[in-house]
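Worksheet: one structure, shown below.
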Amino acid sequence: CIKAGLLATYKGNPPAIAVDGTPAGLRRDLEASLTALDVDHIDLYYLHAPDPDVAVEDSIGAMASFVAEGKVRHLGVSNMNLDQIRRAHATHPVAASQDQYSLLYRQPETEGRLALVAELGISMVAYSPLANGILAGAKPGTEPGDMRSWMPRFAGDEGQRLAALADQFETIAARQHLHPATLALAWLLAQNPNIIPIAGTRRIANLHTNIAAVDVDLSFEVVAELDAAFGPGVSMAPMF
């Protein structure tokens with residue numbers, strides 16, 4: 001999958017973000033991606049974020065032309081509100097919505113996002129499923145350039161609260177003889193077969209730990225315990 005319409009720079013500080021959802025900008029991004037990847041089509045092409053200066057219908061309409069040309073197979077959206085998702089899907093069928101979702105970020109449940117994508121037949125691609133590594137046992141600020149060092153969600157009292165929740169989660173994972181990351185991803189997979197978590201890693205060992213989640217069949221009792229301990233009421237703050 002490839003994303004278009006967003007330019008972001010990360011250099012250990014909050015990202016500088018520029019959104020371009022104009023038809024010309026989306027066309028530029030598509031052609032650049034096709035050239036860089038040396039392919040003639042992209043299977044899943046996302047509008048990474050809605051451009052506040054461009055109607056969703058115009059952005060998705062432009063991307064629909066890419067599908068008609070055979071350069072894109074399916075369209076996806078990301079970081080859209082519920083109304084924007086409906087409008088995008090009405091313009092051209094949306095195959096996937098990429099949204100933040102984890103055991104420590106339950107807003108997709110409380111705001112009706114999960115219900116909406118189920119209603120429309122859209123898959124949810126869950127990004128940050130390990131809560132920026134917190135559900136994998138990582139501690140913020142322990143590596144150079146750690147992006148969590150400038151996120152408000154990990155600062156002060158909120159950071160201490162999340163650290164305590166992470167310790168509680170690790171205890172449950174140990175009792176199940178699972179790596180915390182494996183348990184966190186298994187919980188997401190247990191929510192709905194239409195949820196696809198995407199966990200990034202730079203280490204082969206972590207990749208194997210993540211993949212192991214597909215072979216975990218969580219019992220009703222474990223899922224209930226996790227939901228009781230990490231329900232929507234304890235959700236972390238938004239990423240930015």
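The values are calculated or read from the model by the stated rules, or taken from the named source; none is laboratory data. Computed from a predicted model, the values in this text were never measured in an experiment. Cβ atoms come from the backbone with ideal geometry, glycine included; neighbour counts cover every protein chain shown. We work out accessible area using only protein heavy atoms, side chains counted, and drop any ligands, DNA or RNA first. Shrake-Rupley method; radii C 1.70, N 1.55, O 1.52, S 1.80 Å.
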Check Ser59, Ser65, Ser33 and return the single one that is over 20 Å from Ile122 (Cβ atoms), open to solvent by less than 30 Å² (accessible area, probe 1.4 Å) and assigned to a helix (DSSP H, G or I).
Ser33
How many residues does region 195-228 hold that are polar (S, T, N, Q) and exposed (fewer than 14 other Cβ atoms within 10 Å of the Cβ)?
1
Conditions (1) touching a strand residue (DSSP E or B) at 6+ places or on another chain (Cβ under 6 Å); (2) open to solvent by 30 Å² or more (accessible area, probe 1.4 Å); (3) closer than 19 Å to Tyr127 by Cβ; (4) modelled with pLDDT under 95; number of the one not met by Ala18
(3)
Taking into account only those residues within region 68-84 that are part of a loop (DSSP other than H, G, I, E, B) and on the phi < 0 side of the Ramachandran plot, which is least open to solvent (accessible area, probe 1.4 Å)?
Met80
Top-ranked residue in region 103-127 [being among the hydroxyl-bearing types (Ser, Thr, Tyr) and out of contact with any Ser or Thr (no Cβ under 6 Å at 6 or more places or on another chain); ranked as most open to solvent (accessible area, probe 1.4 Å)]:
Thr110
